1. When you check ARG85 against the structure, is it of a type in the set (Lys, Arg), closer than 25 Å to SER186 by Cα and surrounded by fewer than 23 Cβ atoms within 10 Å (Cβ to Cβ), yes or no?
2. All but one of (1) closer than 29 Å to THR235 by Cβ; (2) without any contact (Cβ under 8 Å) to a residue 24 or more places away in the chain hold for ALA125; state the number of the condition that does not hold.
3. Can you confirm whether ALA100 is at pLDDT 95 or above, within 20 Å of the chain's Cα centre (by Cα) and either over 18 Å from VAL9 (Cβ atoms) or small (Gly, Ala, Ser) (or both)?
4. Search segment 137-152 for residues being under 16 Å from PRO189 (Cβ atoms) and part of a loop (DSSP other than H, G, I, E, B), and hand back the single one that is farthest from the chain's Cα centre (by Cα).
5. Looking at ARG121, ARG215, can you tell me which residue is assigned to a loop (DSSP other than H, G, I, E, B) and over 13 Å from the mean Cα position of the chain (by Cα)?
6. Count, please, the residues in segment 14-33 that happen to be β-branched (Val, Ile, Thr) and either farther than 25 Å from SER147 by Cα or part of a strand (DSSP E or B) (or both).
Amino acid sequence: MGLSLHGRVAVVSGGAGNIGAAICRRLAGAGATVVVGYNSSREPAERLAASLPATAMSHAALSAPVTDSAALHRLAEAVASRYGRCDILVNCAGTTRFVAHADLDALDDGLFDQILATNVRGPFAMVRALRPLLEKSGDGLVVNISSIAAVSAMGSNVAYCASKAAVDNMTRSLARALAPSIRVVSVSPGLADTEFVKSMDQGWRDEQAARTPLRRLAEPDEVANAVLAVACYLTFTTGAVIPVDGGRPLS
């Protein structure tokens with residue numbers, strides 16, 4: 001495929017968040033027409049879509065509530081009607097909340113179910129809804145945004161870690177099931193310096209950076225660069241987990 005994504009259409013769930021927005025900008029910068037998927041962040045998504053570099057087709061912000069399968073089928077219909085194709089799907093929507101791993105009672109059933117519905121069922125539902133368009137592309141790509149928590153079991157809470165491990169396993173299952181017309185890859189960041197993380201205690205953030213061999217946190221643009229690399233250069237890669245973690249598992 002090379003560096004250019006001209007003529008390609010990409011749908012990014014969670015596109016208005018820090019990492020999602022960086023991914024949208026990278027894909028649009030390479031020539032793709034981008035659908036910024038959102039749940040409740042309609043206005044930021046619309047502003048982002050309007051700010052992306054112009055392509056032959058107009059970018060759009062469309063509702064993509066990943067826990068609502070019926071709404072996702074309507075999203076797929078809207079993408080088909082507007083563009084007639086979808087070549088790249090990036091599953092970036094996710095949710096979590098900090099709960100100490102030892103505090104089992106604080107991780108109540110409602111939060112546990114919400115995390116799994118959003119972080120695991122959500123990406124699957126997005127793939128299910130957009131599969132016909134991705135197959136029609138003949139060179140479809142799904143990128144699931146995972147986390148180092150999938151293998152380290154250290155993260156915002158136990159359910160979040162479990163959800164990301166499930167995402168990586170699902171990536172491998174779907175890569176086998178959807179080949180050869182659709183590739184499926186996970187991009188797995190370490191702790192990324194998003195607005196959410198920047199709101200945390202500075203001492204804690206410094207400690208996380210110190211535990212990483214490269215001595216800093218991931219930048220959203222670096223996660224976006226990995227997505228772009230999978231789309232443009234790693235064209236014989238599927239069922240893989242691409243780390244963007246600064247070597248954190250080495251420490």
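1. Yes, satisfied.
2. In the conditions (1) closer than 29 Å to THR235 by Cβ; (2) without any contact (Cβ under 8 Å) to a residue 24 or more places away in the chain, ALA125 misses (2) alone.
3. no
4. To start, the set of residues in segment 137-152 that are under 16 Å from PRO189 (Cβ atoms) comprises 143-152.
Okay, now just the ones that are also part of a loop (DSSP other than H, G, I, E, B), so 146-148.
Values: SER146: 7, SER147: 10, ILE148: 14 Å.
Checking each candidate, the answer is ILE148.
5. After applying the criteria, what remains is ARG215.
6. Count: 1.
Each row is one residue, and each column tells you yes or no for (1) touching a strand residue (DSSP E or B) at 6+ places or on another chain (Cβ under 8 Å); (2) within 24 Å of ALA149 (Cα to Cα).
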| position | (1), (2) |
| --- | --- |
| LEU3 | no, no |
| VAL12 | yes, yes |
| VAL35 | yes, no |
| ALA60 | yes, no |
| LEU75 | yes, no |
| ARG82 | yes, no |
| CYS86 | yes, no |
| CYS92 | yes, yes |
| THR95 | no, yes |
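The values are calculated or read from the model by the stated rules, or taken from the named source; none is laboratory data. All values derive from a computational prediction rather than experimental measurement. Neighbour counts run over all protein chains shown; Cβ positions are idealised from the backbone, glycine included.
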